[in-house]
Amino acid sequence: MTAGKPLLLHACCGPCITVVHRELTREGFDVTAYFYNPNIHPWKERERRLETLTRYASDMGIPLEVDGEYPLEENLRLLLGSADRCSACFSDRLEATARMASGMGIGSFSTTLTVSPYQDLSRIIRAGENARDKWGVEFIFRDYTPLYRESVRLSREAGMYRQPYCGCIFSERDRYLRRR
Ligand code: SF4
């Protein structure tokens, strides 16, 4: 069997990687997942998402690289200091992924963030393209939002933990404000 084209996949959680890994593999990519999400607050929530992802990656035989740091202060400074915190958040995560791919000698990178219909794809594309230009690795963008419902179904069937908010402490608050 011929090896696929190596790709480093920024992975935010277990549920989102289900369909993205499947589709990229079908396209012929040889996927390694990378967990770099200092935007997930608090620590326990980050651990829960990481555990879910780790279990799924292990079950599916997906190689997984994990960034072990948790620079909470730095991340809060980044988000608070930006007029558009989601763009800053996407840039931080995709730049780290492109940098990691470059360091590992992997020529392309992508992200599971494009499954969620709640994310702004144009901002993700901009962040991915900037990271590509900075680190010289190809950014593979696919709009996976049509597969969102399927990712929900697959993750429920697998008994996975499904997070109730995007990640940062601001999004944790906003989910309650929206309900009021
Ligand atoms: S809402 Fe989500 S994408 Fe936006 S800053 Fe918070 S964690 Fe990042």
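Throughout, read-outs are computed from the coordinates displayed, never taken from laboratory work. Note that the structure is predicted; figures quoted are calculated from it, not measured. Every residue, glycine among them, receives a Cβ derived from its backbone with ideal geometry; neighbour counts consider all protein chains shown.
With a ≥ b ≥ c the root eigenvalues of the C-alpha gyration tensor of region 106-180, is it rounded (a/c under 1.5), prolate (a/b larger than b/c) or oblate?
oblate
Between Val66 and residues 5 or more places away or on another chain, which pairs have amide H atoms under 5 Å apart, with H built 1.01 Å from N, and which residues are they?
Hits under the 5 Å cutoff: Phe35.
Once phi is turned into θ = phi - 60°, what whole-Hz ³J(HN,Hα) does the Karplus curve with 6.51, -1.76 and 1.60 give for every residue of region 152-161, x standing for Gly and Pro?
With the stated coefficients, region 152-161 comes to 5, 4, 4, 5, 5, 4, 7, x, 6, 5 Hz.
Tell me the mean residue ellipticity at 222 nm calculated for the chain from its helices only (DSSP H runs of n ≥ 4, each -39500 (n - 2.57), averaged over every residue, nearest 500).
My calculation for the chain gives -17000 deg cm²/dmol from helical runs alone.
Considering only C-alpha atoms, what is the centroid distance from region 20-96 to region 148-173, in Å?
14
Using Cβ contacts closer than 10 Å as the measure, can you line up Glu23, Glu74 from fewest to most?
Ascending Cβ contact count within 10 Å gives the list Glu74, Glu23.
Karplus couplings for region 131-146 from phi (6.51 cos²θ - 1.76 cosθ + 1.60, θ = phi - 60°), rounded to Hz, Gly and Pro as x?
5, 4, 5, 6, 10, x, 10, 5, 9, 9, 9, 9, 8, 9, 4, x
In region 103-145, which residues have a backbone nitrogen under 20 Å from the label point lying 7 Å from Ala158's Cα in the Cα-to-Cβ direction?
Of the residues in region 103-145, 110-118, 142-145 have backbone N under 20 Å from the label point off Ala158.
Once you order the gyration tensor axes a ≥ b ≥ c over the Cα atoms, which shape class does the chain get: rounded for a/c under 1.5, otherwise prolate or oblate by comparing a/b with b/c?
Because a/c hits 1.5 or more and a/b fails to exceed b/c, the chain counts as oblate.
Under 5 Å between amide H atoms, partner at least 5 residues away or on a different chain: which partners does Ser108 have, H built in plane at 1.01 Å?
The answer is Leu8, Glu138.
How many nm is it between the label spots at Glu69 and Glu150, if each spot is 7 Å from the Cα in line with the beta carbon?
Distance between label points: 3.7 nm.
Can you order the peptides 148-157, 27-36 by their average number of other Cβ atoms within 10 Å per residue, highest first?
Top to bottom by mean Cβ count within 10 Å: 27-36, 148-157.
So what J values fall out for region 85-93 if you push phi through Karplus, 6.51 cos²θ - 1.76 cosθ + 1.60 with θ = phi - 60°, rounded to Hz, Gly and Pro as x?
Each residue of region 85-93 in turn: 5, 5, 5, 4, 5, 4, 4, 4, 6 Hz.
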